[in-house]
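A single structure is presented below for examination.
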Amino acid sequence: MAAAALEGKDGSNVVILHQLKRGKLTPCISPFALKLETYLRIAGIAYQNDFDEPMGPKGKTPWITLNGKKVGDSQLCLELLSETFHKDLSHHLSIEDKAVARAFQIMAEDHLYWVMLVWRWIYNGGSSLPLIQTDLHFAVRYLRPIVVSRVKSQVSAQGMGHHSQSEVMEMGLKDLRAISNFLGTKSFLMGDQPIEVDCAMFGILAQILWNSLGCPYEPHFTAGELINLKGYCERMKRTFWPDWNQCLIPPLVR
Amino acid sequence: MASQSKRAWQSKHCLLRHFCPCKSAGMLEQAIESLTAIWKNERGLIVASAGVAASLYFLASKIYAVREKSQLRKKWNSAPKDVVILHQLPRGKFTPSISPFPLKLETYLRMAGIRYENDFTEPKSLENKTPWITLNGEDVADSQICLELLADKFQKDFSCHLSPEEKATARAFQIMAEDHFYWTGVLWRWVYTKGKTLRQIHATFAPPLSLKIPLVCRRMKSQAIGQGLGRHAEKDVIEMGIKDLRAMSHYLGNKSYFMGEEPTELDCAMFGMLAQLVWNMPGSPFERLLNSELPNLKRFCERMKDRFWSDWDQCLLPVPL
């Protein structure tokens, strides 16, 4: 899909979101793709999906093409989109609240994310992938041991790979408890309106809630201390993904 | 061929006589001739002897190292009951530690009033982590796991007065500092400045030991790429670090400590990280930021230093005059 051919003829901003193919249980099996697409929907920014070239600059996914310009990394994409389309969902927050929002986003994306990654690819050996995605990426389908090895090496570099399984899962549970305690009975993380951090939080939590079959956190979500996080994810899904079932592969008919 | 080698030999010895014009040059020439003859005749024996000597030296140094470790182990295990042995890198020139995690842990020990002794001979644990502790004969690595174990053992909880929401916020900020901002610091120290500041802040990295800096730089770069931040452009990484620091500063505001007027465990982690910017990153954009836009973070560091490190100067190496 040639990005240049998709630039609007009248010069309007065209966003192409490049990501992995749809999942069976969530529209994206990557937390960052789900974050970015949810943001586009909350911000009301028109976009088109491209599932043919999911890997972009810096070897990461998702990435966007904006008026022919390629941008990688979901957070850099989000900030560029926010600036280009003049969307600031957090403008009503105090600088202290914005600081808190940033801290929670980083906890989700730079700590809890690694717990999810370790569980999916190392403790589970990637065996849950066929259960959550029909059209697996070439590397996952035929080169899974290489992907697992690469993830192990990344996890070791990041530091979490040096901990035992029980320590890692305990760290993840502490993060989830913190998010749950901070969310409390609020509709969204920072109040009654969703902001950028909710997109990031939803991206990660949706993977743990729906794409981590057999994960030890399941009982905590369904009937335990994290039940408000399940309610939060359902709320985000209901509000910003009314076509959720149609975005799955195969589509879910209810 | 023989005349060529003879001319080369004569040329070499002309140079020798030029640099050593006294009669000892003649003795030296004779010695060189004798050694050359011995090398030609006994080459095999010399190489074999050198190999045996090197092997014996290697074996002896290994045995010595094992014996040393065994003696250290006896010393740590015989420490008084409930006295923590804190294993860490040797002291820095401007801060007691040039790594945020040992500084965090040692500050916590002081804050909690837990007796401890330092060990600078074995800074790396068996899992190659630093810092680590030995407590009543048991080894524990990772600063956070150590801190939580000590809190449980000695019944210390500096966050008991916080609400669940505040404790959650404290955790989020600690992770932002230690799992995100930390990597921007690593990239600045080891990749963008190629480890050049190490010689300024730590005596261990003075020549000739500074030869190992490039090896460390390569390892840290590889780790940062694996973690993810290392794949970004330098300007993007610095901007991410600046955003983290602004968030810390805005949250701290006018408070004495991050969660109020009394320090908590979070402050130990924040101090460990921010002290590196104040004292150990000369010329960095982060240092400039703390000196200009975010002075409350610098004042926080001074406050923690004054409260828990009254012997700060005596904990530097070399000790300031």
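Tell me, which strands (runs of 3 or more DSSP E) lie completely within the range B:87-199 with 3 or more residues that are closer than 30 Å to B:Gly230 by Cβ?
Of the strands (runs of 3 or more DSSP E) lying wholly inside the range B:87-199, none has at least 3 residues that are closer than 30 Å to B:Gly230 by Cβ.
Just give me the residues in the range A:70-86 being among the charged types (D, E, K, R) and in a strand (DSSP E or B), in sequence order.
Hit for the range A:70-86 is A:Lys70, nothing else.
For the range A:171-189, give me each residue that is within 10 Å of chain B (Cβ to nearest Cβ) and not in a loop (DSSP other than H, G, I, E, B).
Matches in the range A:171-189: A:Met171, A:Lys174, A:Asp175, A:Arg177, A:Ala178, A:Ile179, A:Ser180, A:Asn181, A:Phe182, A:Leu183.
Pick from the range A:84-99 the residues that are within 13 Å of chain B (Cβ to nearest Cβ) and among the acidic types (Asp, Glu): which of them is surrounded by the fewest Cβ atoms within 10 Å (Cβ to Cβ)?
That would be A:Glu96.
Sticking with this structure for a sec: The conditions are (1) charged (D, E, K, R); (2) within 11 Å of chain A (Cβ to nearest Cβ); (3) buried (at least 17 other Cβ atoms within 10 Å of the Cβ), and B:Glu122 fails exactly one of them. Which is it?
The one condition B:Glu122 does not meet is (2).
Taking the conditions exactly as written (over 29 Å from B:Lys243 (Cβ atoms) and either more than 9 Å from chain B (Cβ to nearest Cβ) or in a loop (DSSP other than H, G, I, E, B) (or both)), does A:Val148 satisfy them or not?
Here the answer is yes, as A:Val148 does meet what is asked.
Out of all the residues in the range A:100-128, which are within 20 Å of A:Ala178 (Cα to Cα) and surrounded by fewer than 18 Cβ atoms within 10 Å (Cβ to Cβ)?
A:Leu117
If you take the residues of the range B:221-235 that are within 8 Å of another protein chain (Cβ to nearest Cβ) and either surrounded by fewer than 17 Cβ atoms within 10 Å (Cβ to Cβ) or among the β-branched types (Val, Ile, Thr) (or both), which of them is nearest to A:Val71 (Cα to Cα)?
For the range B:221-235, the residue satisfying everything is B:Ile225.
Within the range B:291-303, is there a residue that is of a type in the set (A, V, I, L, M), within 16 Å of B:Arg246 (Cβ to Cβ) and either within 19 Å of the chain's Cα centre (by Cα) or modelled with pLDDT of 95 or more (or both)?
yes
With respect to A:Lys35, determine if the residue is at pLDDT 95 or above, within 27 Å of A:Gln158 (Cα to Cα) and either assigned to a helix (DSSP H, G or I) or within 14 Å of another protein chain (Cβ to nearest Cβ) (or both).
yes
Let me ask something additional. Name the residue that is nearest to A:Arg22 (Cα to Cα), counting only residues in the range A:38-69 that are part of a helix (DSSP H, G or I) and among the β-branched types (Val, Ile, Thr).
Restricting to residues being part of a helix (DSSP H, G or I) and among the β-branched types (Val, Ile, Thr), the top hit is A:Thr38.
Give me the pairs, please: first residue somewhere in the range A:160-184 and modelled with pLDDT under 95, second residue anywhere and surrounded by 17 or more Cβ atoms within 10 Å (Cβ to Cβ) and not in a helix (DSSP H, G or I), beta-carbon distance under 6 Å, and either six or more positions apart or on two chains.
none
Go through the residues of the range A:35-49 one by one and say whether even a single one is among the charged types (D, E, K, R) and under 19 Å from A:Gln133 (Cα atoms).
yes
Looking at the range B:229-253, which of its residues are without any contact (Cβ under 8 Å) to a residue 40 or more places away in the chain and assigned to a loop (DSSP other than H, G, I, E, B)?
Within the range B:229-253, B:His232, B:Ala233 qualify.
Can you give me the number of residues within the range A:194-236 that are surrounded by fewer than 22 Cβ atoms within 10 Å (Cβ to Cβ) and small (Gly, Ala, Ser)?
Selection size over the range A:194-236: 5.
The values are calculated or read from the model by the stated rules, or taken from the named source; none is laboratory data. The shown structure was predicted, so the numbers you read here are calculated from the model rather than taken from an experiment. Virtual Cβ from ideal backbone geometry, glycine too; neighbours counted across all protein chains shown.
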